[in-house]
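Enquirer: Structure in structure tokens, see below.
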Amino acid sequence: MALDPTCIFCKIIQGDIPADIVYRDESVVAFNDLNPQAPTHVLVIPTIHTPNASELAKISPTILAAIFSAASSIAGDRGLDGYRTVFNTGESAGQSVFHAHLHLLGGRGLAWPPG
Ligand code: DGP
């Protein structure tokens with residue numbers, strides 16, 4: 001699926017709006033969240049536009065796996081001994097940007113259950 005010119009994350013992929021990019025390859029881009037909820041709060045996104053993780057799983061399980069692989073690599077590079085990975089799917093779950101993105105959170109204790 002092509003990039004969506006109205007999507008803020010597609011604009012980040014293209015470099016049309018700035019972001020603090022921490023990792024990039026052919027399939028994924030990772031950048032610091034604008035509103036961090038933990039010392040490490042990185043968003044890992046596919047370089048194709050798709051609205052959420054469920055749709056991404058249908059289109060490309062390979063890219064979905066690459067997202068988790070990138071998150072694991074970033075966490076390892078930062079020496080995080082524990083971290084959380086979250087896909088919010090749907091407004092009722094807190095999704096506000098409809099380009100699939102994995103939240104990588106770490107660097108502090110993380111309570112369970114989540115809010
Ligand atoms: P979600 O609520 O799961 O859809 O998460 C969207 C996240 O995206 C939220 O934590 C804030 C972040 N975000 C929104 N706009 C921007 C942006 O322009 N730049 C960056 N770096 N993060 C953004």
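Enquirer: So, in region 68-115, of the ones that are touching a residue at least 60 places away in the same chain (Cβ under 8 Å) and over 20 Å from N52 (Cα atoms), which residue ends up surrounded by the most Cβ atoms within 10 Å (Cβ to Cβ)? Show your work before the answer.
Expert: Kept after step one, since they are touching a residue at least 60 places away in the same chain (Cβ under 8 Å), are these residues of region 68-115: 97-99, 101, 103-108, 110.
Then keep just the ones that are over 20 Å from N52 (Cα atoms); that gives 106-108, 110.
Numbers: G106: 22, G107: 16, R108: 11, L110: 13.
So, considering only residues that are touching a residue at least 60 places away in the same chain (Cβ under 8 Å) and over 20 Å from N52 (Cα atoms), the one surrounded by the most Cβ atoms within 10 Å (Cβ to Cβ) is G106.
Enquirer: Cβ-Cβ below 7 Å, separation at least six or inter-chain, first residue in region 24-50 and within 15 Å of A71 (Cα to Cα) and in contact (Cβ under 8 Å) with a residue 12 or more places away in the chain, second part of a loop (DSSP other than H, G, I, E, B) and among the aliphatic types (A, V, I, L, M): which pairs?
Expert: F31/A19; T40/L80; I45/A100; P46/A100
Enquirer: Another question, if that's okay. Could you look through region 69-115, keep only residues that are hydroxyl-bearing (S, T, Y) and more than 9 Å from the ligand (Cβ to nearest atom), and pick out the one that is nearest to Y23 (Cα to Cα)? Give the steps one after another, and end with the answer.
Expert: We begin by selecting, within region 69-115, every residue hydroxyl-bearing (S, T, Y); these are 69, 72-73, 83, 85, 89, 92, 96.
From the residues that got through so far, the ones that are more than 9 Å from the ligand (Cβ to nearest atom) too are 69, 72-73, 83, 85, 92.
Working: S69: 12, S72: 12, S73: 10, Y83: 17, T85: 16, S92: 29 Å.
Result: S73.
Enquirer: A further question follows. Assuming E26 fulfils every condition listed in (1) within 14 Å of the ligand (Cβ to nearest atom); (2) exposed (fewer than 13 other Cβ atoms within 10 Å of the Cβ); (3) not aromatic (F, W, Y) apart from one, which condition is it?
Expert: Failed condition: (1).
Enquirer: I've got another one for you. Could you please let me know if A19 is in a loop (DSSP other than H, G, I, E, B), touching a residue at least 12 places away in the same chain (Cβ under 8 Å), in contact with a helix residue (DSSP H, G or I) (Cβ under 8 Å, 6 or more places away or on another chain) and within 11 Å of the ligand (Cβ to nearest atom)? Write out each step before concluding.
Expert: On the way: in a loop (DSSP other than H, G, I, E, B): yes; touching a residue at least 12 places away in the same chain (Cβ under 8 Å): yes; in contact with a helix residue (DSSP H, G or I) (Cβ under 8 Å, 6 or more places away or on another chain): yes; within 11 Å of the ligand (Cβ to nearest atom): yes.
So A19 passes the test.
No lab work stands behind these numbers, since they all come straight from the coordinates. Because the structure is predicted, anything quoted here is derived from the model rather than measured. FYI the Cβ positions are ideal-geometry reconstructions off the backbone, even for glycines, and counts take in every protein chain you see.
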